Each structure stands twice: as structure tokens, then as C-alpha cells.
Amino acid sequence: MSAGPTDIILHQYDGFAPFSAKTRVMLGIKQLTWYSCAQPVIMPKPHLIPLTGGYRKIPVMQIGADIWCDTRAILHELERRHPTKGGIGQGISDAVSVLCDRVLFGLSVPLVFGGNTAIQIDEAFAKDREAMSGAPFDPAAMAAAGPYAESVMRAHLSAFNNDLADGRKFLAGDTPTQADASVFYLLQFAGAAHGGMHPKLADLTNLVAWSQRVNAIGAGNRKDTDGEQALAVAKAATPATPPPSLGNDPLGLKLGSRVSVAADDYGKDPCVGELVSLGADTVTVRRSAPEVGEVNVHFPRVGFTITPA
Ligand SMILES: N[C@@H](CCC(=O)N[C@@H](CS)C(=O)NCC(=O)O)C(=O)O
């Protein structure tokens, strides 16, 4: 059975895709049914770009003709649709995500690729990531950055490791939360080439045992779809009413104007369209493409620039 207009489709790939892994853990924590649409690891992405209007990173979530880019927007939307009662709350979840996504993820890259002969980097991958980041893909420079990266990773991870010493099962107690998904994807990414914990972090034994518990949560009820089907779902659907807007937006942008929304870190390919909603932490752009018809593309505000186009 293929995905319908109200089903969650996650555009993603397995393997070396830390942010996809984070989302899959949340789908597992919430025990949701979802469809995986495998996307290419490098550009071009002919079944993704018509949906996002340019944004190239994964994961991207689609429900009908609504598209959420970036895990921050995806996880907020999952929480809105499937709220967890009595959890740690979105504010604390976001704070841990910002630490992991915007501080520690960058530091994990030298640990993964620097001087690691277990990972074979093919040239097309290296060139793609150079174009995406605007910086040379340089394993020797990454190896040189390794000790500093390890020391800062260790500083933060030791705190989580110590928290687990009281016997709690998960980082915030006995129930898994978004904090677990965030820290888990980092450790899984850092250790992927080693089949478990990165050897330089293996002395953090509480985290080693904890990551097995998080891994055992699984990814909910996963089904598969493909790019053609996902585009057809969007084309057959109509975008939902966008989220409410904030009055007197600090940026002074007007609803109905043309804007460009782009990541502020890497993979800055913009999505251009009509601004249809601007909330405290949401921006929604309406655009259309022949493959998908009219779609609403949602981004978080944190991590993105919004400029008149
Ligand atoms: N801030 C983004 C980061 C997403 C990201 O960096 N994704 C990686 C893979 S997990 C990516 O898209 N790499 C380039 C590519 O796959 O083309 C988020 O939270 O979703």
C-alpha cells in the first residue's frame, strides 16, 4: 500500500545520516507509522528539490502538500500532532538539540573523518560536501582538529554519562525523550565506522549501555515509498492552513511578500516563494512546481535566514 495524503513521509537515507537517525528515534519514541522515501546521498535530488524548492538536506518530512525542512521543524510538528504528556517540554528539548546539532555535530565530523582509514570517501561525495559547505573536504585538517574536537565532545558527554550513573534508563529519567534522540544520533554518527562507540569515547560506559537502550526503541512502524509516489501525493493534495502568524514580526516582513529562506550554516540553497505565515519559530513559504503543484514549505526560524526576494 502506498502513502496517502495524511501519512508521514520522511525523505531520508539510512547509513551515514545522523539527522535522519535522530528523527527515526523520535518516530520510535512516539510509536508512529511512517513511510521512508530514500533520497540520494549527494546531489542531484530530483524527487526532493521539487518539494522543498531548493533545500537539499535531509531529513525532510512531507504530509500531503505540506513539507517540513530541518529536524527542528519536523520534531516540532510531530510534537504538535502527537504530543507527549509530562515530558521534558519543548524548551529543554530544543536546548539539548541546539547543543547537539549546532555545537557538537560540527565537532563530531573531525572525529568521524579525520585520519580514519576505515571510511572510504569517494571523490563524488567529497566534492558534493565541499560544494555544500563551501570548505575543502580535508581529512588531514580534520585529523589535526581531532584532539580539540574530542576534548569538547568529552566535556559535554561526560556530564550526560555522569547523569546516567544514578541508574536512570534515559537522560531525563526512565522515559525516553527528544534529549535521548539528540545525544544518541551524535554518538551513533561518531562511532559508525567502529560498529558502536567511537574508541576515543568508549570509556563513557554509561553512555555505551544507554545507547543500546535507545537503539532498542526502534523507529516505530516503518513502511517504504519512493520519490515518484511522494511527488504524486503532494500533487494530489492541497496545503493545510498554515500555522498562525506573529503580529509585528521583528524582521518587518509582510505576509504575501516574496521571501527567500535559507539555512544559515551549510547547504544554504534557498527556497523562494510567497510568505504565508511567520510564527515565533516557524516560517512558511507557498510555492509551486509542475511535479508537485502548490505546496507549503515550513522551516524553523532558528538556523535559517529569511530575506525579501
Ligand atoms: N539542520 C539540519 C541538518 C541536516 C543535515 O545536515 N543533514 C545531512 C545528512 S543527516 C545532509 O543533508 N547532508 C547532505 C546531504 O545528504 O545531501 C537538520 O536539523 O535537519
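Annotations
- 28 Å Cα-Cα threshold exceeded, pairs from K223/K254; K30/K57; K85/K268; K45/K235; K22/K45; K127/K254: K223/K254; K85/K268; K127/K254
- Note on the chain: with charges restricted to the Cβ of Lys and Arg (+1) and Asp and Glu (-1), its dipole about the Cα centre is near 420 debye.
- Within the listed set F19, F160, F125, the Gaussian network model of the chain (springs between alpha-carbon atoms below 10 Å) gives the highest mean-square fluctuation for F125.
- Residue-span extension gain [A202 to I42] - 0.36 nm each, minus C-alpha spacing: 54.5 nm
- Accessible area of the chain belonging to carbon and sulfur atoms, whole % at 1.4 Å probe: 56 percent
- Take the chain with all the other protein chains still there, run a 1.4 Å probe, and you get 44 Å² of accessible area per residue.
- Contact order normalised by residue count of the chain, Cα under 8 Å, 6+ apart, percent: 27 percent
- Nitroxide proxy distance, nm - points 7 Å out along Cα→Cβ at R168 and A216: 1.9 nm
- Straightening the chain between A126 and L246 buys 39.1 nm, computed as 0.36 nm per residue apart minus the Cα-Cα spacing.
- Unit Cα scatterers, Debye sum, segment 90-217: log10 I(q)/I(0) for q = 0.09, 0.11, 0.19, 0.23 Å⁻¹: -0.27, -0.40, -1.08, -1.41
- Three principal axis lengths of the chain [C-alpha, angstrom, descending]: 53, 46, 45
The values are calculated or read from the model by the stated rules, or taken from the named source; none is laboratory data. These numbers come from a predicted model, not from an experiment. Cβ sites come from the backbone with ideal geometry, for glycine too, and all protein chains shown count toward neighbours. All accessible areas refer to the heavy atoms of the entire protein, side chains included, with ligands and DNA or RNA removed. Shrake-Rupley method; radii C 1.70, N 1.55, O 1.52, S 1.80 Å.
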